[in-house]
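Handing you a structure now.
Each reported figure results from applying straightforward, stated rules to the coordinates on display, with no laboratory input. Just so it is clear, the model here is predicted, and its values are computed rather than measured.
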């Protein structure tokens, strides 16, 4: 099974992907780990060559979960996946989570560090996300049959189990 999980910053993509990975025994590939160099003190974008090589390596495998916000580089995964879970939660919940994440990152001194500036950018991105993703899917109608809107993680796990049983 190949699953894409899409949602704005602070929507719970990582939480959902970990739960599905446990239930379905699938490897998880966070798109942030492909797009961003996580080895430094601050977030730096990886080179296009690195991003392309990572995408190609994952696509060669026969099962995966890829989670991320919208980026054109996700299109190969979206074309190849079995299902696309689109997380749709209210903006105020995302704001709450992103601010909480900033403080937890600071308390634990995690790297790369979350800053007020990049948290503000994530909040702005998250606010505009739904419109941008709607536009993307309107331009890629071939993906519409794969999209399932999720606002309940438990429901998502149940749907995956049913789909897996149908294919078995």
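Given that just one value was derived from the coordinates, which of (1) 53; (2) 59; (3) 68 is percent of Cα pairs over 20 Å apart?
The calculated read-out lines up with (1).
To continue, here is another question. Angle check, please: helix 13-24 long axis (alpha carbons) against the longest principal axis of the chain (alpha carbons), in degrees 0 to 90, nearest 10.
Taking the Cα atoms of the chain, the angle to 13-24 is about 40 degrees.
Next up: Between residue 14 and residue 91, what length comes free when the chain is fully extended (0.36 nm per residue of separation minus the Cα-Cα distance, one decimal in nm)?
Length gained between residue 14 and residue 91: 26.0 nm.
Using the Cα gyration tensor of the range 1-60, with a ≥ b ≥ c the square roots of its eigenvalues, what is the shape: rounded (a/c below 1.5), prolate (a/b larger than b/c) or oblate (neither)?
In terms of gyration-tensor shape, oblate.
Let me ask something else about it. Where a ≥ b ≥ c are the square roots of the eigenvalues of the C-alpha gyration tensor, would you call the range 115-168 rounded, which needs a/c under 1.5, or, failing that, prolate if a/b is larger than b/c, or oblate?
oblate
Another question, if that's okay. For the chain, take the longest principal axis of its alpha carbons; what is the angle in degrees between that and the long axis of helix 48-59, to the nearest 10 within 0 to 90?
Tilt of helix 48-59: around 30 degrees.
I want the antiparallel fraction of DSSP beta bridges within the chain, as a percent rounded to 5.
Percent antiparallel among DSSP bridges in the chain is about 10.
Can you tell me the relative contact order of the chain? Whole percent, Cα pairs under 8 Å, sequence separation 6 or more.
34
Ok, one more. Tell me what the chain gives for mean residue ellipticity at 222 nm when only DSSP H runs of n ≥ 4 count, each as -39,500 (n - 2.57), the sum divided by the residue total, rounded to 500 deg cm²/dmol.
-17500 deg cm²/dmol, from helical runs alone.
Same structure again: How many percent of all Cα-Cα pairs in the range 55-100 sit more than 18 Å apart?
42
Now for a different question. Give me the angle, in degrees from 0 to 90, between the Cα long axis of helix 116-139 and the longest principal axis of the Cα atoms of the chain, rounded to the nearest 10.
Approximately 30 degrees, to the nearest 10.
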